[in-house]
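The values are calculated or read from the model by the stated rules, or taken from the named source; none is laboratory data. None of the values given here were measured: they were computed from a predicted structure. Glycine gets a Cβ as well: all are built from the backbone with ideal geometry, and neighbour counts include every protein chain shown.
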Amino acid sequence: MKKVIVTGGAGFIGSNLVDKLIEIGVEVIILDNLSTGKKENINPKAEFIKCDIEEVNPMFSGVDTIFHLAAKTAVQESIENPKLYNEINLKGTINMLEMARRCDIKRFIFSSSSSVYGDTKIPTKETNKTQPMSTYALTKLVGEEYCKLYSKLYEVDTISLRYFNAYGNRMNNEGGYKLVLPIFKEQFLNKQPLTINNDGKQKRDFVNVLDICEANILCGKYENKFNGEVYNVGQGNNYTINEVADMFGTDKIYGNKVIEPFETLADTSKIKNKLKWRPTYNLNDWIQDYKKYT
């Protein structure tokens with residue numbers, strides 16, 4: 001792995017991945033339209049191309065890997081506007097796979113989501129039945145299937161990583177879609193009660209963005225072929241949203257009723273055995289540091 005493309009490289013997970021790749025001496029090209037990513041997240045040592053992933057069509061030479069992270073990710077918005085998510089997420093993924101095929105890029109690492117499982121048995125293995133509950137989740141599942149197909153038909157070696165609930169530096173805290181931890185932090189700093197969807201008993205497996213980056217890098221370095229395999233990337237334990245709120249140590253109130261899986265919990269034995277990946281960050285420890293800073 002010497003020269004790579006990172007789509008969504010100005011976003012939350014993508015920018016952290018770019019930083020880690022550059023730290024280990026990899027040449028990086030970022031493709032991002034800055035719709036949710038930020039200029040200040042862009043590593044100055046990377047080449048940056050502002051573009052829409054569903055339309056960009058350049059030729060690249062010497063690139064060996066694509067890390068495809070760019071996507072629309074707001075679950076509720078996807079339910080309200082399925083056509084938009086189909087246009088950007090599916091068309092964008094196919095366009096990037098075509099770029100890999102056209103430019104003879106040997107490996108394609110697709111950022112998928114645990115949302116493909118919906119409400120399912122836990123701990124959740126990669127072999128569990130998939131039953132998406134939103135358009136966003138469906139676009140991720142179909143993206144995985146396209147990856148498998150390109151591995152079979154065109155010799156683009158693909159792998160899909162199903163992230164559970166990501167958290168860490170540069171989480172989205174602006175606009176119409178915010179992750180739960182930035183919402184709680186803003187309310188905590190403003191001495192407001194923490195607003196919780198549904199009854200707060202829903203449980204989530206939270207995995208740190210730097211652990212996600214390590215999983216991606218291990219995939220990029222792997223010497224054998226994946227041939228479209230999928231891997232869970234999660235912490236392997238979970239917390240109720242009420243418990244997460246208690247880590248901030250303030251009052252709670254309950255608000256919106258939303259459609260969401262009741263519980264997520266990753267079985268990570270596959271990625272641990274195959275790639276020797278291990279999560280290293282603890283959510284409670286991270287929150288205690290996170291809530292100190294404005």
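Looking for whichever is under 21 Å from residue 89 (Cβ atoms) and either among the β-branched types (Val, Ile, Thr) or out of contact with any helix residue (DSSP H, G or I) (no Cβ under 8 Å at 6 or more places or on another chain) (or both) here; the options are 28, 56. Which one fits?
Values: 28 fails: under 21 Å from residue 89 (Cβ atoms).
Just one listed residue meets the conditions, 56.
Give, as residue ranges, the strands (runs of 3 or more DSSP E) completely inside segment 42-126 that count at least 2 residues that are touching a Lys or Arg at 6+ places or on another chain (Cβ under 8 Å) and either modelled with pLDDT under 95 or not hydrophobic (A, V, I, L, M, F, W, C) (or both).
On the way: elements: 47-50, 65-68, 107-113.
In segment 42-126, the matching strands (runs of 3 or more DSSP E) lie at 107-113.
Taking the condition of being modelled with pLDDT under 95 and in a strand (DSSP E or B), how many residues in segment 1-41 meet it?
0
Looking at the structure I just gave you, is residue 83 under 29 Å from residue 259 (Cα atoms) and exposed (fewer than 15 other Cβ atoms within 10 Å of the Cβ)? Spell out how you get there, then give the answer.
On the way: under 29 Å from residue 259 (Cα atoms): yes; exposed (fewer than 15 other Cβ atoms within 10 Å of the Cβ): yes.
Criteria met by residue 83.
Cβ-Cβ below 6 Å, separation at least six or inter-chain, first residue in segment 250-262 and in the same structural domain as residue 180 (by TED's automatic domain parsing), second outside any loop (DSSP other than H, G, I, E, B): which pairs?
250/188; 252/194; 252/196; 252/245; 253/195; 254/196; 255/195
Exactly one condition in (1) surrounded by fewer than 18 Cβ atoms within 10 Å (Cβ to Cβ); (2) more than 20 Å from residue 164 (Cα to Cα) is false for residue 198; which is it?
If we test residue 198 against (1) surrounded by fewer than 18 Cβ atoms within 10 Å (Cβ to Cβ); (2) more than 20 Å from residue 164 (Cα to Cα), just (2) comes out false.
Output the residues belonging to segment 232-252 that are over 16 Å from residue 181 (Cα atoms) and surrounded by fewer than 22 Cβ atoms within 10 Å (Cβ to Cβ).
Scanning segment 232-252 gives 236, 237.
Would you mind finding the one in 146, 154, 150 that is more than 17 Å from residue 233 (Cα to Cα), of a type in the set (Phe, Trp, Tyr) and surrounded by fewer than 18 Cβ atoms within 10 Å (Cβ to Cβ)?
None of the other options fit; the residue is 154.
Is there any pair linking a residue in segment 121-139 that is within 25 Å of residue 95 (Cα to Cα) to one that is part of a strand (DSSP E or B), with Cβ under 8 Å and at least six apart or on different chains, and which?
136/113; 137/113
Test residue 199 against the criterion of being farther than 16 Å from residue 126 by Cβ, in contact with a Pro (Cβ under 9 Å, 6 or more places away or on another chain) and in contact (Cβ under 8 Å) with a residue 40 or more places away in the chain, and give yes or no. Step through it out loud before you land on a result.
Details: farther than 16 Å from residue 126 by Cβ: yes; in contact with a Pro (Cβ under 9 Å, 6 or more places away or on another chain): no; in contact (Cβ under 8 Å) with a residue 40 or more places away in the chain: yes.
When the stated conditions are applied, residue 199 does not pass them.
Can you tell me how many residues in segment 226-274 are of a type outside the set (Val, Ile, Thr), under 17 Å from residue 207 (Cα atoms), under 21 Å from the mean Cα position of the chain (by Cα) and not in a loop (DSSP other than H, G, I, E, B)?
Qualifying residue count for the region: 8.
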